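The values are calculated or read from the model by the stated rules, or taken from the named source; none is laboratory data. A quick note: this is a predicted structure, and the numbers were derived from the prediction, not measured. Here the Cβ is made from the backbone with ideal geometry for all residues, glycine too, and neighbour counts use every protein chain on show.
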Amino acid sequence: MSPEIFFRGSLMWVYCLYLIGILGLSLGTIWGLFFVPPEKFQGDSFRIMFIHVPAAHLSQIIYIGIAVAGVVYIVWRTKMADVFMAAAAPVGLITTGLALLSGIVWGKPTWGTWWVWDARTISVLILFFLFFGQIALRQAVSRPERAAFAVSVLAIVGAINIPIIKYSVEWFTTLHQPASITLTRESAISMVFLIPLLINIASFYIYIAGVVLAGMRTLVLRRHKHTSWVQAWTGSS
Amino acid sequence: MKVFLATLRRDLLVAIRTGSETLNPLVFLVLVGVIFALVLGNDHAARELTGIPVVWTTALFANMLALEGLFRREQDEGTLATILVANESALPATVAKLIAHWLLTGLPISVLAPLIGLGFGLSFETLGILSGTLLIGTPILTLVGAIGAALVVGLGRGGVLLTLLVLPLFVPVLLLGIGTCQQFQFNAEYIPPLLGLLAILSGAITAIPISIAPILRFSQDQ
């Protein structure tokens with residue numbers, strides 16, 4: 001796709017994604033925090049779930065997205081794949097940080113400790129550092145093509161961590177519970193909790209898509225600052 | 001085959017003649033191990049408990065120190081570009097470089113590490129397992145680290161960046177290696193983590209050597 005068409009076509013998308021995402025997140029969060037009854041064993045602390053689960057889920061999805069974009073870049077040298085990787089890495093770093101932080105806060109009342117060194121927490125912490133590596137490597141390499149290639153290779157190599165995160169709760173003995181929501185089995189969560197949680201997960205997807213898209217727009221603008229269409233666009237508005 | 005042997009011979013010769021670059025990581029290993037044993041004082045139980053993780057982690061860092069020089073000399077003097085020019089010679093040459101690197105770092109580290117383990121009061125059987133897991137683990141470190149080294153070759157401030165990039169990838173190897181030794185030390189089931197380590201090694205041997213040359217080539221012509 002040409003950068004110019006992308007840039008002109010994506011503005012409406014960013015507005016829509018932001019609007020739906022923020023509305024959905026407000027709905028799901030307010031519902032989850034104020035209108036859902038307390039859980040039988042955890043009391044009120046389980047409400048952290050409405051933040052923790054979407055953040056943890058999205059961090060993995062973002063990394064998978066970056067790894068796929070890495071393959072696309074290496075095979076077809078698609079410039080937009082590189083733009084996506086550059087825009088998504090900082091977002092992934094933040095969602096992973098959010099997942100870790102909310103997990104720490106949730107761990108204290110339920111597990112009795114802030115942090116446990118087990119398979120799930122370690123693998124998510126590694127994910128955090130992988131995102132950091134993406135950003136650091138991109139900044140260290142000055143030539144854009146070489147940076148894009150290096151970051152792609154790193155993303156693909158690091159993708160090995162994703163199945164480790166996913167199955168860490170099933171392969172190893174850990175305090176972290178196995179997944180409660182799956183596509184194939186009936187949910188292990190009661191409907192009362194499930195609906196606001198699903199709203200929050202879906203809205204988080206939409207909101208993050210908006211954030212990444214907005215980031216990509218900025219990068220496209222910066223990378224094509226010497227073209228006539230960018231100069232015309234920035235001059236006219 | 002000719003290219004393979006010539007590169008292997010050349011790398012080993014260069015290492016022997018320059019000396020210090022090869023010896024530094026090993027001295028680092030001994031020094032850090034000794035300091036750890038020192039600061040733990042006379043607490044025997046604590047030393048026995050921490051011995052394996054400390055030795056394994058120090059071995060990993062020593063390996064890491066050597067990684068940065070994997071392609072640096074060739075990059076600086078320009079031979080790397082020559083090696084990569086011909087398609088047929090690129091693969092045997094990079095494989096030879098990887099093997100030479102392991103012979104000069106991984107192997108001596110695996111031999112030296114048990115000596116440091118002695119200072120922590122570990123039993124002889126445990127030291128054997130420690131050495132064995134290092135023999136399986138250090139080739140993985142060399143292979144995975146080579147990807148990182150190939151990515152940052154030619155960048156001025158490669159050292160810290162390389163550590164940042166590959167350390168997260170080393171964590172599974174570290175945990176499985178330490179896991180195997182500790183399970184053995186405490187008479188628990190030590191075969192499963194050992195198999196995990198071997199699985200990673202076979203995967204790395206299959207996938208990584210063929211991908212190093214293309215990565216290096218890209219880092220070259222950009």
Scan segment B:6-18 and give yes if some residue there is over 22 Å from the mean Cα position of the chain (by Cα), of a type in the set (A, V, I, L, M, F, W, C) and either crowded, with 16+ Cβ neighbours inside 10 Å or under 23 Å from B:Phe120 (Cβ atoms) (or both), otherwise no.
no
Criterion first (modelled with pLDDT of 85 or more, closer than 27 Å to B:Leu161 by Cα and part of a helix (DSSP H, G or I)) does B:Leu26 satisfy it?
yes
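Let's see how each residue does on (1) without any contact (Cβ under 8 Å) to a residue 12 or more places away in the chain; (2) under 29 Å from B:Asn24 (Cβ atoms); (3) buried (at least 19 other Cβ atoms within 10 Å of the Cβ); (4) more than 14 Å from chain A (Cβ to nearest Cβ):
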| residue | (1), (2), (3), (4) |
| --- | --- |
| B:Pro139 | no, yes, yes, yes |
| B:Gly148 | no, yes, yes, no |
| B:Pro168 | yes, yes, yes, no |
| B:Leu174 | no, yes, no, no |
| B:Pro192 | yes, no, no, no |
| B:Gln220 | no, yes, no, no |
Across segment A:54-67, the tally of residues that are surrounded by fewer than 22 Cβ atoms within 10 Å (Cβ to Cβ) and touching a Phe, Trp or Tyr at 6+ places or on another chain (Cβ under 9 Å) stands at 3
Do the conditions hold for A:Asp82, that is, is it surrounded by fewer than 20 Cβ atoms within 10 Å (Cβ to Cβ), more than 9 Å from chain B (Cβ to nearest Cβ) and among the acidic types (Asp, Glu)? no
Filtering segment A:111-144 down to residues that are at pLDDT 85 or above, surrounded by 15 or more Cβ atoms within 10 Å (Cβ to Cβ) and either in contact with a strand residue (DSSP E or B) (Cβ under 8 Å, 6 or more places away or on another chain) or not aliphatic (A, V, I, L, M) (or both) yields A:Thr121, A:Ser123, A:Phe128, A:Phe129, A:Phe131, A:Phe132, A:Gly133, A:Gln134, A:Arg138
Note to self: Condition (residue is closer than 30 Å to A:Ala140 by Cβ and in contact with a Pro (Cβ under 8 Å, 6 or more places away or on another chain)) applied to segment B:130-149: is it met by at least one residue?
What the structure shows: yes
Of the conditions (1) within 14 Å of chain A (Cβ to nearest Cβ); (2) within 27 Å of B:Leu38 (Cα to Cα); (3) surrounded by fewer than 18 Cβ atoms within 10 Å (Cβ to Cβ), the single one that B:Ala188 does not satisfy is (2)
* To do: Can you confirm whether segment B:189-203 contains a residue that is of a type outside the set (Val, Ile, Thr) and assigned to a loop (DSSP other than H, G, I, E, B)?
  => yes
